[in-house]
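Asker: Handing you a structure now.
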Amino acid sequence: MAIAMGWQKPDNVAGSSAPAIMVGLFVASGGLLFGYDTGTINGILAMPAFRRDFATHEPDANGNYIITPDQSSIIVAILSAGTALGALLGAPCADSIGRRLSLIASVGVFSFGGIFQVCATNIPMLLVGRFFAGVGVGAISLLVPLYQSEMAPKWIRGTLVCAYQLSITLGLLAASTVNILTEHMVTAAAYRIPLGLQLIWAVILSLGLLVLPETPRYLVKRGRPEAAGLSLSRLRRLDITHPALIDELQEIVANHEYELSLGPATYKDVFCGSPHLGRRTLTGCGLQMLQQLTGINFIMYYSTTFFDGVRIEDPYLKSLILHIINVVSTIPGLLVIETWGRRKLLIVGAIGMAICQLLIASFSAAAGDHLERAAQLILIVFCAINIFFFAASWGPVAWVVTSEIYPLKIRAKAMSISTFSNWILNFAIAYGTPYMVDPGPGYGNIGPKIFFLWGAFCILAVFYVWCMVYETSKVSLEQIDEMYERVDYAWNSTRFEPSWSFQQILDEGWSPSGQPPAGNELQPTASAATTQSTDAGLATATSTAGNSETSNSSSENNKAIPQMGHVDFSY
């Protein structure tokens, strides 16, 4: 299956990756719920039938009903308020009942909100439905990348997490298509049909999750290594007694014990724990916030009404075209994320978006009425190019990085905090931009000039990635702890190669906290010599190894830990 999709499983990886790939792709479809709901409200706000049924003011002189900017702001933004809460609630739920059952519960909450939206006859009832749907979406946005990263082989882990973003774009495209088909209806069916269709995939997703396995890393976290072995056996299509499967399971268990030896798994440790958990949490939060500050959701939430406001012909069709570009442009990111790496893709994407947005804003500011048509063309073309850069980079890669950089003991908590920062910025942008963009008393009326703001944040994002984001491609989740211990600066992480495993350390008699046994030593691989120095415990061990090599002590006392690198068991 992987070969058919354009990826080749490494020869030194035992078993089959097809089950994990199929499970990861199916779970990724949870992004359809968020994408479809977002795309639906984008078009519904501009529908005459919706404005007629939900407007609270008398029609204007032309007989048109108006949804005011403050009403459209709260209708759109209330979903993001719910998602922020859902992201925070998802962590304790994931750690207590498991990743899979938490996903099922989240889809149930989303469906409850969806039913409210379909049945709504006024704005308050619609807001209740969108809030509960948001709670479900927020938890799903945490749980899907968490589930994928914990069950996927490392050689395709980033690609599978990227598929979550692809499903979001497919949901946006599906919603835009349905909106075009129903916008001309004069009855309430114009908006009830799009709102109701989102419940179909929620049911399908729930039924599929009933038969999927729990992630092996969660089962290890709960002290159930036998169940974790059975889960790995299903995902890798290997017998539970296969040496490669046993080695992978032992490495997960040993690494978790090492993490726990460094401190408890509390919310305080998310910010103050070791190794460098505060820096890792800041990295995740910063990435998720900058993803929103690129301005992409301004386009996704308000493209139809925004294009209509700047007098672009057929705004529904233009919005559909942008959603098609959004879907297609996600595919290049899936194909190159493992070869280019996370850092390069993020930096190239931010530079591309900054150029597009500053060009849009500059031309719009300089163009007069006689260049109105040219300004509209520039807006559409560079919005499309901007979406290409976002969909291929920041859209999927921000989720990939935040699903990888945290250790198992605090992974759910740290991901919930970083995801919360995404949604709280999402809420602020969804609620605030209509006041900045729209004309009217008390409003900013800056129009396309808002792209100056988004462009400035894209420039900031380039420097942030260079200084803060470590390269995590081709590294197992258990080896990322070692990278943060040994590599001082993010820009040096591209040269990192793992030199030891936690299981080998424990096999040699080391304590989980990294203290060597008497007369023993740890020898890193030669390839790791190009990276930064290890922590104090490992440096001491290496020094001991060097001294022992010059002495004539017995070979048994001087036995080195086997080298990692010629065979890859941590797939």
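The values are calculated or read from the model by the stated rules, or taken from the named source; none is laboratory data. Small disclaimer: the values here were computed from a predicted structure and weren't measured. Counting neighbours? That spans all protein chains shown, and the Cβs are built from the backbone with ideal geometry, glycine included. We work out accessible area using only protein heavy atoms, side chains counted, and drop any ligands, DNA or RNA first. Shrake-Rupley method; radii C 1.70, N 1.55, O 1.52, S 1.80 Å.
Asker: Can you pull out the residues in segment 448-474 that are open to solvent by 60 Å² or more (accessible area, probe 1.4 Å) and part of a loop (DSSP other than H, G, I, E, B)?
Answerer: Matches in segment 448-474: Lys474 only.
Asker: A follow-up question, please. Among the helices (runs of 4 or more DSSP H) lying completely within segment 231-346, list those that include at least 1 residues that are open to solvent by 70 Å² or more (accessible area, probe 1.4 Å) and at pLDDT 90 or above.
Answerer: Working: elements: 243-261, 267-272, 277-293, 296-309, 315-340.
Ranges flagged: 277-293, 315-340.
Asker: Further, regarding this structure: Please determine whether any residue of segment 160-177 is over 17 Å from Pro396 (Cα atoms), among the polar types (S, T, N, Q), open to solvent by 30 Å² or more (accessible area, probe 1.4 Å) and part of a helix (DSSP H, G or I).
Answerer: Going residue by residue through segment 160-177, those that are over 17 Å from Pro396 (Cα atoms) are 174-177.
Applying the additional criterion that residues be among the polar types (S, T, N, Q) yields 176-177.
Subsequent filtering for residues that are open to solvent by 30 Å² or more (accessible area, probe 1.4 Å) retains 177.
The next check asks that each one be part of a helix (DSSP H, G or I); those that pass are 177.
Taking every residue of segment 160-177 in turn, at least one turns out to be over 17 Å from Pro396 (Cα atoms), among the polar types (S, T, N, Q), open to solvent by 30 Å² or more (accessible area, probe 1.4 Å) and part of a helix (DSSP H, G or I).
Asker: Here is a list of conditions, (1) at negative phi; (2) free of Cβ contacts under 8 Å to residues at least 60 places away in the same chain, and Asn445 meets all of them except one; can you say which number that is?
Answerer: So Asn445 meets the others, but not (1).
Asker: Those residues that are part of a helix (DSSP H, G or I) and buried (at least 19 other Cβ atoms within 10 Å of the Cβ), I need them from segment 210-228; list them, please. Walk me through how you get there before you give the answer.
Answerer: Here is the first cut: in segment 210-228, the residues part of a helix (DSSP H, G or I) are 216-221, 225-228.
Once the filter is applied, which keeps residues that are part of a helix (DSSP H, G or I) and buried (at least 19 other Cβ atoms within 10 Å of the Cβ), segment 210-228 yields Pro216, Arg217, Tyr218, Leu219, Val220, Lys221, Ala228.
Asker: Show the residue pairs that are 6+ apart or on different chains and have beta-carbon atoms under 6 Å apart, the first residue being within segment 87-107 and closer than 16 Å to Val135 by Cβ, the second being at pLDDT below 95 and among the aromatic types (Phe, Trp, Tyr).
Answerer: Ala87/Phe420; Ala87/Trp423; Leu88/Phe420
Asker: Tally up the residues in segment 147-164 that are under 11 Å from the mean Cα position of the chain (by Cα) and over 20 Å from Thr330 (Cα atoms), please.
Answerer: Residues meeting the conditions: 0.
Asker: Test Arg373 against the criterion of being open to solvent by 30 Å² or more (accessible area, probe 1.4 Å), charged (D, E, K, R) and either under 21 Å from His323 (Cα atoms) or modelled with pLDDT under 90 (or both), and give yes or no. Full working, then the answer.
Answerer: On the way: open to solvent by 30 Å² or more (accessible area, probe 1.4 Å): yes; charged (D, E, K, R): yes; either under 21 Å from His323 (Cα atoms) or modelled with pLDDT under 90 (or both): yes.
Yes: the conditions hold for Arg373.
Asker: Looking at Val186, is it among the hydrophobic types (A, V, I, L, M, F, W, C), at negative phi and open to solvent by less than 10 Å² (accessible area, probe 1.4 Å)?
Answerer: On the way: among the hydrophobic types (A, V, I, L, M, F, W, C): yes; at negative phi: yes; open to solvent by less than 10 Å² (accessible area, probe 1.4 Å): no.
For Val186, the condition - among the hydrophobic types (A, V, I, L, M, F, W, C), at negative phi and open to solvent by less than 10 Å² (accessible area, probe 1.4 Å) - is not met.
Asker: Here's something else I'd like to know. Right, Phe112: part of a helix (DSSP H, G or I), in contact with a Phe, Trp or Tyr (Cβ under 8 Å, 6 or more places away or on another chain) and surrounded by fewer than 20 Cβ atoms within 10 Å (Cβ to Cβ) or not? Spell out the reasoning first.
Answerer: On the way: part of a helix (DSSP H, G or I): yes; in contact with a Phe, Trp or Tyr (Cβ under 8 Å, 6 or more places away or on another chain): yes; surrounded by fewer than 20 Cβ atoms within 10 Å (Cβ to Cβ): yes.
Taking the combined requirement at face value, the residue satisfies it.
Asker: Suppose we keep only residues that are in contact (Cβ under 8 Å) with a residue 24 or more places away in the chain and not aromatic (Phe, Trp, Tyr) within segment 121-132. Which one would you say is most open to solvent (accessible area, probe 1.4 Å)? Break it down stepwise before answering.
Answerer: Within segment 121-132, the first condition is being in contact (Cβ under 8 Å) with a residue 24 or more places away in the chain, and the residues that meet it are 121-123, 126-127, 130-132.
Keeping just the survivors that are not aromatic (Phe, Trp, Tyr) gives 121-123, 126-127, 130.
Numbers: Thr121: 88, Asn122: 67, Ile123: 21, Leu126: 3, Leu127: 36, Arg130: 1 Å².
So, considering only residues that are in contact (Cβ under 8 Å) with a residue 24 or more places away in the chain and not aromatic (Phe, Trp, Tyr), the one most open to solvent (accessible area, probe 1.4 Å) is Thr121.
Asker: May I ask you to list pairs of residues, at least six apart or on different chains, whose Cβ atoms are under 9 Å apart, with the first in segment 181-198 being closer than 21 Å to Leu317 by Cβ and the second being assigned to a loop (DSSP other than H, G, I, E, B) and open to solvent by 70 Å² or more (accessible area, probe 1.4 Å)?
Answerer: Taking only residues 6 or more apart or on different chains, the pairs are Ala190/His184; Tyr191/Met185; Ile193/Met185.
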